[in-house]
Amino acid sequence: MAILKIARMGHPLLSAPAATVADPGAPEIRVLLADMLETLADVGGIGLAAPQVHQPLRMVIFHIPAARAAAERYRDSGLGEDDAEVPLTVLINPEIEPLGEETAEAFESCLSLPGMTGRVPRFTRIRYTGVSHLGEVIERQAEGFHARVVQHECDHLDGILYPQRITDLSQFGFTEEMKRRREPDTLEPEEGDI
Ligand code: NI
């Protein structure tokens, strides 16, 4: 296992569509997965996509730890969003389908844009499918932060970084500065890169 170098915005791999994984059970995919898991644990992130570690393949990993789910529950209280802990998930060749037109905005950050954050609109509810490295079919419905994380990670597979989704660029900047200027009743930039 190895901790991998994470590509930063501007690297051509991050703006290129990734290729379908032909054999999710292949030995080289298991090695890549093990390295991605170790890399994500090392940086303490929420999710990681293979192109971020210089592998142009349609594979993402993510999880929502209990502490983060609790923070989202507090922040989104009253919105009825799904805020449950999500176990570490390996998603190969994922597909996303929005469930309805509703979108919501919240701050995101990304391991490929260290120190920055921006407020991004995402579909509130989605269905996503894919397979695991064990060949298991994964099909889930997700809401709120869970849906946001999956949309963010899968965007990486299409060469899209979150700033490209921002509709108001005044809501994009260095995390340190954005926290300093925030209003008490607005969504706050959170720690934890997705
Ligand atoms: Ni990211």
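The values are calculated or read from the model by the stated rules, or taken from the named source; none is laboratory data. Being a predicted model, the structure only gives us computed values, none of them experimental. So basically every Cβ, Gly included, is an ideal-geometry build from the backbone, and we count neighbours across all protein chains shown. Only protein heavy atoms, including side chains, enter the accessible area calculation; ligands, DNA and RNA are left aside. Shrake-Rupley method; radii C 1.70, N 1.55, O 1.52, S 1.80 Å.
For the reader, a short list of remarks on this structure follows.
- Unique residue being more than 13 Å from the ligand (Cβ to nearest atom), within 20 Å of VAL149 (Cα to Cα) and among the aliphatic types (A, V, I, L, M) when the list is LEU37, LEU48, LEU32: LEU37
- Listed by first and then second residue, the pairs with beta-carbon distance under 6 Å, at least 6 apart or on different chains, first residue in region 138-166 and basic (Lys, Arg), second within 14 Å of the ligand (Cβ to nearest atom), are ARG148/ARG122; ARG165/VAL120.
- Restricting region 17-49 to residues that are assigned to a helix (DSSP H, G or I) and in contact (Cβ under 8 Å) with a residue 40 or more places away in the chain, the residue that is most open to solvent (accessible area, probe 1.4 Å): ARG30
- Scanning region 139-160 for residues being touching a Gly at 6+ places or on another chain (Cβ under 7 Å) and open to solvent by 20 Å² or more (accessible area, probe 1.4 Å) gives a total of 0.
- Of all residues in region 6-16 being open to solvent by 70 Å² or more (accessible area, probe 1.4 Å) and not in a loop (DSSP other than H, G, I, E, B), the one that is nearest to ASP158 (Cα to Cα): SER15
- Within region 124-181, the set of residues being within 16 Å of the ligand (Cβ to nearest atom), in a helix (DSSP H, G or I) and farther than 21 Å from PRO65 by Cβ comprises ASP155, LEU157, PRO163, GLN164, ARG165.
- Flag if THR117 is among the polar types (S, T, N, Q), modelled with pLDDT of 95 or more, surrounded by 14 or more Cβ atoms within 10 Å (Cβ to Cβ) and over 17 Å from GLY47 (Cα atoms): no
- Filter result (within 16 Å of PRO87 (Cα to Cα) and touching a residue at least 12 places away in the same chain (Cβ under 8 Å)) within region 50-69: VAL60, ILE61, PHE62, HIS63, ILE64, PRO65, ALA66, ARG68, ALA69
- Region 51-68, subset more than 15 Å from the chain's Cα centre (by Cα) and at pLDDT below 95, residue farthest from the ligand (Cβ to nearest atom): ALA66
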